[in-house]
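The values are calculated or read from the model by the stated rules, or taken from the named source; none is laboratory data. Here the structure is a predicted model, which is why all the values come from computation and not from measurement. Glycine also receives a Cβ, built like all others from the backbone with ideal geometry; neighbour counts cover every protein chain displayed.
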Amino acid sequence: MVEGSLWESSPGQRPGSGRPDGAEYGENLEANLKSLLERAKNGTNRAPPVKRVHIPKSETETRPVGLPTVEEKVLTRAVTMLWEPVYEQDFLDGSYGFRP
């Protein structure tokens, strides 16, 4: 499941520095996913700081956007895939609440 849902930085690292992209994370995918799963199971996984970038909003303004690591995206998607079937059955056909 985790492989289908497709970066890790050291504690104290500046946001955005030394973060592998998806291709680099995939070079050692099986070991990376095993490590991520083990940390998630035993409660030692800690999300690294989110990289903050500013994108243009208008000619004079910018809007801040947070960019999580590839690894955090993988974990978030895996958890969503796990819990979505459990909670989706609670929504009625007339429910228009947020669904991922």
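Just to check your reading of the model, which residue among Gly43, Gly66 is small (Gly, Ala, Ser) and within 15 Å of the chain's Cα centre (by Cα)?
Working: Gly43 fails: within 15 Å of the chain's Cα centre (by Cα).
Matching residue, one of Gly43, Gly66: Gly66.
When residues of region 58-100 are filtered for being part of a loop (DSSP other than H, G, I, E, B) and exposed (fewer than 11 other Cβ atoms within 10 Å of the Cβ), how many remain? Give the derivation first.
In the first step, residues of region 58-100 are kept if they are part of a loop (DSSP other than H, G, I, E, B); the result is 58-61, 68-69, 89-100.
From the residues that got through so far, the ones that are exposed (fewer than 11 other Cβ atoms within 10 Å of the Cβ) too are 58-61, 89-90, 92-100.
Residues flagged as part of a loop (DSSP other than H, G, I, E, B) and exposed (fewer than 11 other Cβ atoms within 10 Å of the Cβ) within region 58-100 amount to 15.
Among all residue pairs at least 6 apart or on different chains, which show Cβ distances below 6 Å where the first residue, located in region 53-75, is modelled with pLDDT of 90 or more and the second is among the polar types (S, T, N, Q)?
Taking only residues 6 or more apart or on different chains, the pairs are His54/Thr62; Pro56/Thr62; Val74/Ser5.
Check off (1) more than 29 Å from Leu29 (Cα to Cα); (2) in contact with a Pro (Cβ under 9 Å, 6 or more places away or on another chain); (3) of a type outside the set (S, T, N, Q); (4) surrounded by 10 or more Cβ atoms within 10 Å (Cβ to Cβ) for Ile55 and give me the number that stays unchecked.
Going through the list (1) more than 29 Å from Leu29 (Cα to Cα); (2) in contact with a Pro (Cβ under 9 Å, 6 or more places away or on another chain); (3) of a type outside the set (S, T, N, Q); (4) surrounded by 10 or more Cβ atoms within 10 Å (Cβ to Cβ), Ile55 breaks only (4).
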